[in-house]
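Participant: This structure is in structure tokens; I'll ask about it shortly.
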Amino acid sequence: MTAAIPRAKVRPADRIFSGSTLFAGVLILAALAAVALFLIVQSIPALVADPAELEGSPTSFWAYVAPLAFGTVWAASLALLIAFPLSIGIALFISHYAPRRIAQGLGYIIDLLAAVPSVVFGLWGIKVLAPFLTPFYDWLVTNFGWFPLFAPPVSGTGRTVLTVAIVLAVMIIPIITALSREIFLQTPRLHEEAALALGATRLEMIQMAVLPFGRAGIVSAAMLGLGRALGETMVVAMVLSPAVVISFVLTSSTNPSTIAGNIALKFPDAYGVGVNALIATGLILFIITLVINSIARFVVNRRKAFSGAN
């Protein structure tokens, strides 16, 4: 007869810690469900209302929200396109190229940049960046006006969607850089030394060891930065002179607004169905963010599964 294996004694501290983590997990799910329920309930009156009651009298609610959704995704995508390579380059410089003292100082500056309020970036975009870029926009339209992205007429103020994208890129660079830097520093030292021992240069070592190791984390960092850009309000509201249009032109003064910027500008004066319409656009932004993060999670999990199979 085999002796019974004694059960491990559960200490009160372990039980308290386990319960608190479970409570935290349930709490965040409950909060997410509550936000989703609020958005859905408050959006129903706008979804079933007569389109004539909506601002601009569109043919339907979807015709009303489509330019806003386009502007949100367009501005955030441009910002990510600008910020992503810069962020990866800065993170690699801090983690693998810069001397320790310079790397520490640059890391502090990057972390400090992430703490700057959005309104400060908005003021910088209006007073400094937009006037500085105006001659550059004139040159682009003059020499590349045949290209659809730079079609005339050019903005005389520099307050364009490209200016907003650059400001958003500056705002999300610290987020992507900080996360990528920590991921690159976690690369196993043996992997790096093995690549160098085989005759690889530092660049080749980064390509063979560092980037493959941190691929999942890089995707997560990029999606976190994209989420910040999608939900940004103050910069868009301050820099852009928005219009309800769908336009890919980067240098025009007629720019599509974003969902977050439109809500910030219109909500104080909205009433009746107009309030429900703005909340409904918030629901669309919620869905867009959820879909993008779900795609990112799918890519990360697929990469992990592929790496595990190999």
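The values are calculated or read from the model by the stated rules, or taken from the named source; none is laboratory data. Owing to the predicted nature of the structure, the values given are computational and were not obtained by experimental measurement. So basically every Cβ, Gly included, is an ideal-geometry build from the backbone, and we count neighbours across all protein chains shown. The accessibility values were calculated without ligands, DNA or RNA, using every heavy atom of the protein model including side chains. Shrake-Rupley method; radii C 1.70, N 1.55, O 1.52, S 1.80 Å.
Participant: Can you tell me which of (1) part of a helix (DSSP H, G or I); (2) more than 30 Å from Arg202 (Cα to Cα); (3) open to solvent by 20 Å² or more (accessible area, probe 1.4 Å) is the one Gly89 doesn't meet?
Facilitator: Here Gly89 clears every test but (2).
Participant: While we're on this one: Could you pull out the residue among Ile109, Ile94, Ile102 that is open to solvent by less than 50 Å² (accessible area, probe 1.4 Å) and either outside any helix (DSSP H, G or I) or over 30 Å from Ser43 (Cα atoms) (or both)?
Facilitator: Details: Ile109 fails: open to solvent by less than 50 Å² (accessible area, probe 1.4 Å); Ile102 fails: open to solvent by less than 50 Å² (accessible area, probe 1.4 Å).
Exactly one residue qualifies, and that residue is Ile94.
Participant: Considering segment 189-224 alone, what residues qualify as being in contact (Cβ under 8 Å) with a residue 24 or more places away in the chain and among the polar types (S, T, N, Q)?
Facilitator: Ser220
Participant: To continue, here is another question. For the structure I just gave you, tell me whether Thr142 is in a helix (DSSP H, G or I), hydroxyl-bearing (Ser, Thr, Tyr) and open to solvent by 50 Å² or more (accessible area, probe 1.4 Å). Steps first, please.
Facilitator: Values: in a helix (DSSP H, G or I): yes; hydroxyl-bearing (Ser, Thr, Tyr): yes; open to solvent by 50 Å² or more (accessible area, probe 1.4 Å): yes.
Yes; evaluated as a whole, the condition is true for this residue.
Participant: So, one more: Going through Val245, Val239 one at a time, which residue ends up being under 23 Å from Ala69 (Cα atoms) and modelled with pLDDT under 80?
Facilitator: None of the other options fit; the residue is Val245.
Participant: Going residue by residue through segment 45-59, is there one that turns out to be in a loop (DSSP other than H, G, I, E, B), open to solvent by 50 Å² or more (accessible area, probe 1.4 Å), touching a Phe, Trp or Tyr at 6+ places or on another chain (Cβ under 8 Å) and on the phi < 0 side of the Ramachandran plot?
Facilitator: Yes, segment 45-59 contains at least one residue that is in a loop (DSSP other than H, G, I, E, B), open to solvent by 50 Å² or more (accessible area, probe 1.4 Å), touching a Phe, Trp or Tyr at 6+ places or on another chain (Cβ under 8 Å) and on the phi < 0 side of the Ramachandran plot.
Participant: Return the residues of segment 120-141 that are touching a residue at least 12 places away in the same chain (Cβ under 8 Å) and either charged (D, E, K, R) or over 27 Å from Ala91 (Cβ atoms) (or both); say none if nothing qualifies.
Facilitator: Leu123, Ile126, Ala130, Pro131, Thr134, Tyr137, Asp138, Leu140, Val141
Participant: Give the residues of segment 146-174 that are open to solvent by 20 Å² or more (accessible area, probe 1.4 Å) and either without any contact (Cβ under 8 Å) to a residue 24 or more places away in the chain or part of a loop (DSSP other than H, G, I, E, B) (or both), sorted by residue number.
Facilitator: The answer is Trp146, Phe147, Ala151, Pro152, Pro153, Val154, Gly156, Thr157, Arg159.
Participant: Out of (1) under 21 Å from Met171 (Cβ atoms); (2) under 21 Å from the mean Cα position of the chain (by Cα), what's the single condition that is false for Phe93?
Facilitator: Every listed condition holds for Phe93 apart from (2).
Participant: How about segment 8-44: which of its residues are open to solvent by 100 Å² or more (accessible area, probe 1.4 Å) and under 30 Å from Ile279 (Cα atoms)?
Facilitator: Phe23, Ile28, Leu29, Leu37, Phe38
Participant: Let me ask something else about it. Among (1) open to solvent by less than 70 Å² (accessible area, probe 1.4 Å); (2) among the hydrophobic types (A, V, I, L, M, F, W, C); (3) touching a His at 6+ places or on another chain (Cβ under 9 Å), where does Phe213 come up short?
Facilitator: The failed condition is (1).
Participant: Residues in segment 114-157 that are closer than 19 Å to Met234 by Cβ and hydroxyl-bearing (Ser, Thr, Tyr): how many? Explain how you work it out, then say what you get.
Facilitator: Keep residues of segment 114-157 that are closer than 19 Å to Met234 by Cβ, which gives 114-130, 157.
Still in the running and hydroxyl-bearing (Ser, Thr, Tyr): 118, 157.
Residues that pass the stated criteria total 2.
Participant: Based on what the data block shows, is Ala69 out of contact with any strand residue (DSSP E or B) (no Cβ under 7 Å at 6 or more places or on another chain), closer than 20 Å to Val273 by Cα, of a type in the set (A, V, I, L, M) and open to solvent by less than 80 Å² (accessible area, probe 1.4 Å)? Walk me through how you get there before you give the answer.
Facilitator: On the way: out of contact with any strand residue (DSSP E or B) (no Cβ under 7 Å at 6 or more places or on another chain): yes; closer than 20 Å to Val273 by Cα: yes; of a type in the set (A, V, I, L, M): yes; open to solvent by less than 80 Å² (accessible area, probe 1.4 Å): yes.
For Ala69, the condition - out of contact with any strand residue (DSSP E or B) (no Cβ under 7 Å at 6 or more places or on another chain), closer than 20 Å to Val273 by Cα, of a type in the set (A, V, I, L, M) and open to solvent by less than 80 Å² (accessible area, probe 1.4 Å) - is met.
Participant: With the requirement that a residue be in a loop (DSSP other than H, G, I, E, B) and open to solvent by 70 Å² or more (accessible area, probe 1.4 Å), what does segment 175-193 give you?
Facilitator: Within segment 175-193, Gln186 is the sole residue that qualifies.
Participant: Next up: Would you call Val120 in contact with a strand residue (DSSP E or B) (Cβ under 7 Å, 6 or more places away or on another chain) and either open to solvent by 70 Å² or more (accessible area, probe 1.4 Å) or modelled with pLDDT of 85 or more (or both)? Spell out how you get there, then give the answer.
Facilitator: Working: in contact with a strand residue (DSSP E or B) (Cβ under 7 Å, 6 or more places away or on another chain): no; either open to solvent by 70 Å² or more (accessible area, probe 1.4 Å) or modelled with pLDDT of 85 or more (or both): yes.
Criteria not met by Val120.
Participant: Residues in segment 206-247 that are under 30 Å from Val300 (Cα atoms), assigned to a loop (DSSP other than H, G, I, E, B) and over 14 Å from the mean Cα position of the chain (by Cα): how many?
Facilitator: 1
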